[in-house]
Amino acid sequence: MIKDRLSYKAYLHYESDIYNPSKLGAGKSVVYRIFTPPAFAFLKSLRSLEYHYNTPGMYHKLLLPFVYWRYLKLSQKAGISISKNSCEKGLTLYHFGSIVVNAATRIGRNCCIMNNVNIGANAGSSKAPKIGDNVYIGPGAVIYGEIEIADGCYIGANAVVNKSILEPHAVIAGVPAKVIKFEQENWWQKNNMNREL
């Protein structure tokens, strides 16, 4: 969780690596800096909201309304609804559009959420999923209820997960979802990304 300026900067530096414009070449790098992808712009605004919300002091209280307003605008633009303090460091959003994460959800480090994902509670309940570290959530996946997902799991496209999966590194697919196999490497290790375990 972001608690001060040091941790805020650490989060931004860590998460910006995936969107590093220097990897794109000189021409695309300039365009990229001018037109920041909506998903990354939203992620930066989310971390800024967490920083000002969690850090005590009059300065942060005075800035909070403006920061929250910017967060809401970018949330609407990107079509992403993720509440403050629900995701640990390393959240990766490759695409924008229709991502909804319940405020009671807790997501661990280095998780990837693709487009059209819905993570929420059962109707009338305040209990939402708890998702471990290094989890990949494929496009169109639905995860709901008072359940837990173990570290290093892969949740396949359009899977509907309503039961806990406690075996690490499981590949989960289907409706309703079930474990179909196990993988040794995390999603980001397979993609040769420089991330911490």
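The values are calculated or read from the model by the stated rules, or taken from the named source; none is laboratory data. These figures come from a predicted structure and were not determined experimentally. Here the Cβ positions follow ideal geometry from the backbone for every residue, glycine too, while neighbour counts run over all protein chains shown. Ligands, DNA and RNA are excluded from the accessible area calculation, which covers all protein heavy atoms including side chains. Shrake-Rupley method; radii C 1.70, N 1.55, O 1.52, S 1.80 Å.
Brief remarks follow.
- Value of [θ]222 nm, deg cm²/dmol, for the chain, DSSP H segments ≥ 4, -39500 (n - 2.57) each, nearest 500: -10000 deg cm²/dmol
- Counting 0.36 nm for each residue step from residue 98 to residue 17 and taking away their Cα separation leaves a gain of 26.8 nm.
- Under 14 Å from the Cα of residue 178 - aspartates and glutamates, other chains or at least 8 residues apart: 148, 167
- Each of residue 72 and residue 193 was given a label point 7 Å from its Cα along the Cα-to-Cβ line. The distance between the two points is 3.0 nm.
- Lysines whose Cα lies under 28 Å from that of residue 61, excluding same-chain neighbours fewer than 8 positions away: 3, 9, 44, 73, 77, 84, 89
- Å² of accessible area per residue within the chain, as computed with a 1.4 Å probe and no ligands counted: 53 Å²
- Normalised radius of gyration (Cα atoms, divided by 2.2 N^0.38 Å) for the chain: 1.03.
- Computed from backbone phi with θ = phi - 60° and the Karplus coefficients 6.51, -1.76 and 1.60, the 3J(HN,Hα) list for the stretch 11-16 is 4, 4, 5, 5, 7, 6 Hz; x is used for glycine and proline.
- Each residue, residue 85 and residue 5, gets one label point 7 Å from its Cα in the Cβ direction; the gap between the two is 2.2 nm.
- Among 152-159, 94-101, 185-192, sorting by the average number of other beta carbon atoms lying within 10 angstrom of each residue, highest first, gives 152-159, 94-101, 185-192.
- Here the stretch 58-142 is treated with +1 on each Lys and Arg Cβ and -1 on each Asp and Glu Cβ, and its dipole about the Cα centre works out to around 260 debye.
- Largest GNM mean-square fluctuation across 17, 151, 133, computed for the chain with C-alpha springs under 10 Å, falls on 17.
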